[in-house]
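Asker: To start, I am sharing the structure in question, which I have written as C-alpha cells.
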Amino acid sequence: MELLSHLADGFATSLSPLNLLIVILGVTAGLFIGAMPGLGSVNGVAIVLPMTFIVPPSSAIILLAAIYYGAMYGGAISSILLGIPGASTAVATTFDGRPMAQQGKAGLALIAAATASFVGGTISVVLFTLFAAPLADVALAFGPAEEFALVLLAFTTFVGLGGDDVLKTIIMICLGLALSTVGLDLISGQPRLIFFDEPGFFSGISFLVLAIGIYGIGEVLYTIETSKSAPTVTPAKLTFADLWLGLKEVNKLWKTLTFGSFIGFFVGMLPAAGATPAALMSYGLSKIMSKEPETFGKGNIEGVASPETANNAASTGSLLPMLTLGIPGSPTTALLLGGMVMWGLVPGPMLFIEQPDFVWGLISSLYTANLAAVLVNLALIPLFVWALRMPFTVLCSIVLVLCIVGGYAPSQKIHDVWLIAGFGVAGYLLRKADYPMAPLVLALVLGPLMEKSFRQTLIAEQGNVLAFVERPLSATFIAISLVFFLLPLLKYAKKSSRARGASNEPAK
Amino acid sequence: MTYNFTRGFALALAASAALVTAPVAVAEDWKPQKPVEMVIMAGQGGGADRLARLFQSIIQKENLASMPVLPVNKGGGSGAEALRYLKDKESDNHVIMATLNSYYTTPLRTDIGVDIEEFTPIARMALDTFVLWVNADSDIQTLDDYVAAVKAAGGEWKMGGTGTGQEDSLVTAMLENEFDIKVTYVPFKGGGDVAKNLVGGHIDSSVNNPSEALGFYNAGKVRPIAAFTPERISVFPDTPTMGELGHDLVYWMQRSFVAPKGMDPAAVAYYTEMFEKLNASEEWQTYTTEKALMADFLTGDELQAYFLDERGKHADLLGKMGEGS
C-alpha cells in the first residue's frame, strides 16, 4: 500500500539516533514551556523556529512537532497542580483538575491527563494519516453559517448543564459575551467598549487573562479564606504502584477518550476553531453524556481526561487545514506555516503531491513525538506532585507570582496584569455567590467567533436568518444543539419521576 | 497570543549563535548595539506577517545584520497599535517597522495622533499585486462574464475580503465605481480565510493577492479573471490586466520598512544597506518570482515622496467610500 510505504519512509528518518535525541529534548523542553502559565506551544515553537535553519529540514520538523506535543501535554500540569491554566488550551483542565489536586488526587489527575493526551494524540494522528486529503474537503464545506452553528452547539452543552443553576449559567454567559465585544470590531474596525479610554482595551480582553485571574488569583483568595486557621498541606505522594493503579483507572474511561479524540480532531480541523474551543466542547459534551453530571467541576476524573484528549487531538487536527489548504487553524500552526515558507515549501492542496517526503516525515514524527511525550511526562509526574508538598504559604506566593508573570508574558502589557487582579477579586466574589465560572470563560473564548460568523452569514445572505437552517450542515448542528439544550430537562424529568417512584437509587 | 516574552530567550540564543559565527565586517560607522526590533503592523499568520518573517530569516541566514532582528507583532486596530508604538520610539536606532497599506489608511480612518510624514523611510521591498478571482467551477471566464453575473445578481453577489476599510475593500470599491455594479462585501479575518471560503463556495469572488490564492490556483480550484496591474503577472500569463480590457484599475500593496522619527542618519544608512543586500539575495529573488510579487526597491526621499503620494490617493479612495474622517 502506498500509504504504508510513505509512512515507513517517514519513520526511517524520524527514528534515526539523532532525531530520537531531538524528540526527547524537544518534548522535555515543550513540557516545561507548556507548564509555565502564559507560555504555550506558540511560544515553544516561536523560540525554536529560528534554530531550525541550523539542522536539516527533516530534523527541524521533528523538533517542532516534539515541542508542539510537549507543550500540549505540559499545559495540564499547572492547571492541575496550581489551578492556573498552563496554556490557553488547558483552561478546561482546571475545572476538575484543581479540585482533584485539592482532594489529594493530583497524581491521578496528572496520569489521567497524560494518558488522555496520548490517546487523543494517537487517534487523531491515525485519522490524519488515513483521511487527510478527503477531510480537507470537509473543512472547505464550513462557511460562516456552519461555524456559527458549531459554536452554538458548544454553548448549548454549557447552558443545558444539569447540576448548576441555569439562570446563573446564562448570566455568566451573557457577561462573557459582553466582555468578548471589547476592542476593535472585526467587521467595521470601530472601537467598542473602550473603558475609560484606556488604550489597552483596543486589543480586547484575552480569555487567558480572565482565566488566570479567576482561577489563579480567585482560587488563592478563596483558599486563604477557607483555610485561614489551618493551612492545609495537600497530601501528595506517588509511587510506581500508584502509577499503575492510575493507569488502570484511566483505562475505564475509554469511552470519554475516544469521544474526546474525535470531537477534538474535527473541531481542531476547522480553520477558525482550534484546540481551546475543542477542549471546552469536549468537556461540556462529556458532562452532558455523563451519568453523574453534578460531580463535574468537583474533581471528576472524566473532566480532566475529556478536555486533555480533545486538545491534543485538536492540535493534530489543526495541522490539516494548514497543510492541505494553507490556512492555519491555531496561532501555533500559523507559526509553523511561516516556518514552511522559510524552508521553501508551499502549503496548499499540492503539498501532498509535490512534497511527500516532508508531509510523511511530519506525520511520522507526530507518532514518535506523541509516544515520547507520554513517556517523559509519566516519568516526571512524581517530581511534579512532589512540588505540591510545599507549605501553603509558600505555594500561595508562587501561584501569585506565576499569575502575574503569566498574564504579563503574552502581551507584555501591564494593563493585563491589572485586569488579572480585577478579575481575581471579581471571580472570588462571584464564586462566593455560587456563580459558575466555566460558562464565563467559554463565552469569552467563543464569543468573538460566534459574533463574527453570525454577522458574516447575515451580510452574505442579505439579512436572511433562515440561512442557518437552510444549509444542511448548519441545520444538523442546530438540531443537535436543540437536543442538547433539552436533554438535561428530560433527564431531570426522568429523575424526579423515578424519585417519586420509590427509592432514590444511588448514582452508579 | 503573541510571544514577545520569548524575546529574551531568543535573544540569548541568537546572541550565543552570533558568538559562534564570525560577524560579517560591515563598512559602516554605526552598528546596532543590541538586537533590532522588527515591528509588524499585522497579527500572526497573515500575508504581512509571513513576509516579515521571511525577511527576518533571510537576514539571519545570510548574516546581513551584526545583531539579531526580532519580529514583534503589533496588529491591534489595523496597525494603529504599531503606529503609536513607533511614534513613542522617537530617536530609537534599534526599531524598524514592516508596513503595508494600512500605514496610510489607518491614520486616515481613525484619529490616533500619528503623522506618517514624521517617520523615517528605510526601504520599499516589494509591491504586492491584486487579482480578481472566481471559483474554478463557475461559468465566468472573462471580465465581461463577471460584470454580467454581478449585475444579474442584483446586489446579492458576495465579494469576500479582509476587514472593511482595508485593501480588499478599497479594490472592491474601485470595481464597483468602474463598472457601476453593487456587491455585498463580506469581511473575513485574513486573505487565507477568504481564499478558503471562495473555494468552499461560500462567497462568489475575491480580490486576493496572488500569494494567498496560489496554492488553490495550482490545484485548479480558483480562476483568475483579471489583474489589477499595468502588465501581466508572469505566473498568470493568460490573465489579462484591467488596463488591457480598457479599464484603468491598478492597485498595489506596498511592503516596506520605516523607522521612528529622528533616527541617526548613520543608522538609517546601515539599515538601508542591509535591505539592499537582502534585495539582492537569491532567496528573495526566487520568492518574488514564485509568489508573483514585484520586487521594486526604493529608498530615502523617493520612498517618502511615494508614501505621501499614496496617502493622498488613499484619502481620495476612502472619501469616495464614505470612510474618511
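Asker: Which one of A:Ala433, A:Gln355, A:Val469 has its Cα pushed farthest toward the positive end of the charge dipole of the range A:343-469, where Lys and Arg give +1 and Asp and Glu give -1 at the Cβ?
Answerer: With unit charges placed on the Cβ atoms, the residue in question is A:Ala433.
Asker: How large is the helix-only mean residue ellipticity at 222 nm for chain A, computed as the sum of -39500 (n - 2.57) over DSSP H runs with n ≥ 4, divided by its residue count, in deg cm²/dmol to the nearest 500?
Answerer: Numbers: 23 runs with 369 residues, N = 508.
One gets -24000 deg cm²/dmol as the mean residue ellipticity at 222 nm.
Asker: Hey, what number do you get for chain B at 222 nm if only DSSP H runs of n ≥ 4 count, each worth -39500 (n - 2.57), divided across all residues, to the nearest 500? Spell out each step's value before the answer.
Answerer: On the way: 11 runs with 136 residues, N = 325.
Roughly -13000 deg cm²/dmol at 222 nm, from the helical runs in chain B.
Asker: Also: Among the aspartates and glutamates, which have Cα under 18 Å from the Cα of B:Lys151 when same-chain residues fewer than 8 positions away are ignored?
Answerer: Partners found: A:Glu461, B:Asp139, B:Glu176, B:Glu178, B:Asp180, B:Asp204.
Asker: Only counting other Cβ atoms within 10 Å, I'd like A:Cys396, A:Cys403 sorted with the fewest neighbours first. All intermediate terms of the calculation are to be shown ahead of the outcome.
Answerer: Values: A:Cys396 19, A:Cys403 27.
Ordered by Cβ neighbours within 10 Å, fewest first: A:Cys396, A:Cys403.
Asker: What average count of beta carbons from other chains do you get within 10 Å of the Cβ of residues in B:176-185? Could you put the intermediate results ahead of the total?
Answerer: Values: counts 0, 0, 0, 0, 0, 0, 0, 0, 4, 3.
Across the residues of B:176-185, the mean count of other-chain Cβ atoms within 10 Å is 1.
Asker: Excluding B:Gly262 itself, what net charge comes from residues whose Cβ is under 9 Å from its Cβ, given Lys and Arg +1 and Asp and Glu -1? Present the calculation step by step, with values, prior to reporting the outcome.
Answerer: Numbers: positive: B:Lys261; negative: B:Glu90, B:Asp92, B:Glu118, B:Asp264.
Net charge around B:Gly262: -3.
Asker: Using only Cα atoms, tell me the angle between helix B:6-20 and the longest principal axis of chain B; keep it within 0 to 90° and round to the nearest 10.
Answerer: 60 degrees
Asker: Among residues other than B:Thr241 whose Cβ falls under 13 Å from its Cβ, what is the net charge (Lys/Arg +1, Asp/Glu -1)?
Answerer: -3
Asker: Using the beta-carbon distance between A:Lys248 and B:Glu276 and R0 = 60 Å, what value does 1/(1 + (r/R0)^6) give for FRET efficiency, to the nearest 0.05?
Answerer: Details: r = 66 Å, r/R0 = 1.10.
According to the calculation, E is roughly 0.35.
Asker: Write down, largest first, the equivalent ellipsoid semi-axes of the range A:395-438 in whole Å, where each equals the square root of 5 times an eigenvalue of the alpha-carbon gyration tensor.
Answerer: On the way: eigenvalues 92, 34, 13 Å².
Value: 21, 13, 8 Å, ordered largest first.
Asker: A further question follows. Can you give me the span-like helices of chain A, meaning DSSP H runs with 15 Å or more of Cα extent along the axis and Kyte-Doolittle mean at or above 1.6? Don't jump to the answer; show the numbers that get you there.
Answerer: Values: long enough: A:2-14 (18 Å, 0.38); A:17-35 (27 Å, 2.12); A:57-81 (36 Å, 1.40); A:91-102 (17 Å, -0.20); A:106-141 (42 Å, 1.86); A:144-159 (22 Å, 1.47); A:166-180 (21 Å, 2.22); A:240-251 (17 Å, 0.37); A:254-269 (22 Å, 1.09); A:275-289 (21 Å, 0.79); A:301-317 (24 Å, -0.21); A:331-342 (17 Å, 1.45); A:356-387 (45 Å, 1.48); A:392-411 (29 Å, 2.04); A:414-432 (28 Å, 0.88); A:438-460 (33 Å, 1.10); A:472-501 (42 Å, 0.74).
Within chain A the helices that satisfy the rule are A:17-35, A:106-141, A:166-180, A:392-411.
Asker: So what is the relative contact order for chain B, in percent, with contacts set as C-alpha pairs under 8 Å and at least six apart? Intermediate values should be presented prior to the final figure.
Answerer: Numbers: 581 pairs, mean separation 80.1, N = 325.
The normalised contact order for chain B reaches 25 percent.
Asker: What shape does the range B:131-227 take by its C-alpha gyration tensor, where a ≥ b ≥ c are the square roots of the eigenvalues and a/c under 1.5 counts as rounded, a/b above b/c as prolate, and the rest as oblate?
Answerer: Numbers: a/c = 1.59, a/b = 1.14, b/c = 1.39.
Cα axes put the range B:131-227 in the oblate bin.
Asker: Once you keep just the Cα pairs under 8 angstrom separated by 6 or more residues, what percentage relative contact order results for the range A:2-489? Write out the running numbers ahead of the final one.
Answerer: Values: 935 pairs, mean separation 144.5, N = 488.
About 30 percent, as a whole number.
Asker: Taking just the C-alpha trace of chain B, give me its Rg and Dmax in Å.
Answerer: Values for chain B (Cα only, Rg and Dmax): 20.4, 66 Å.
Asker: If the limit is 28 Å between Cα atoms, which of A:Lys413/B:Lys189; A:Lys452/B:Lys320; B:Lys221/B:Lys277; B:Lys34/B:Lys261 go over it?
Answerer: Pairs exceeding 28 Å: B:Lys221/B:Lys277.
Asker: For A:Lys252, which lysines qualify as cross-link partners when the Cα separation must be under 18 Å and same-chain residues fewer than eight apart are set aside?
Answerer: A:Lys252 reaches A:Lys105, A:Lys287, A:Lys291, A:Lys508.
Asker: Over the C-alpha atoms of chain A, what are the Rg and the largest Cα-to-Cα span, Dmax, in Å?
Answerer: That works out to 22.2, 72 Å for Rg and Dmax.
Asker: Expressed as an acute angle from 0 to 90° and rounded to the nearest 10, what is the orientation of the C-alpha long axis of helix B:300-321 relative to the principal long axis of chain B?
Answerer: It works out to around 30 degrees.
Asker: How many partner chain Cβ atoms sit within 10 Å of a residue's Cβ in peptide A:134-144, on average, as a whole number? Walk me through the numbers before you get to the answer.
Answerer: Numbers: counts 0, 0, 2, 2, 0, 2, 9, 3, 4, 7, 7.
Per residue, the number of nearby Cβ atoms from other chains is 3 on average.
Asker: What's the extension gain from A:Ser496 to A:Glu470 if we count 0.36 nm per residue and subtract their Cα-Cα distance? Don't jump to the answer; show the numbers that get you there.
Answerer: Values: separation 26, 0.36 × 26 = 9.36 nm, distance 3.74 nm.
Net length gain for the segment: 5.6 nm.
We did not get these values from a lab; they are worked out from the coordinates using the rules stated. Here the structure is a predicted model, which is why all the values come from computation and not from measurement. Heads up, the Cβs are rebuilt from the backbone with ideal geometry, glycines too, and the neighbour counts pull from every protein chain shown.
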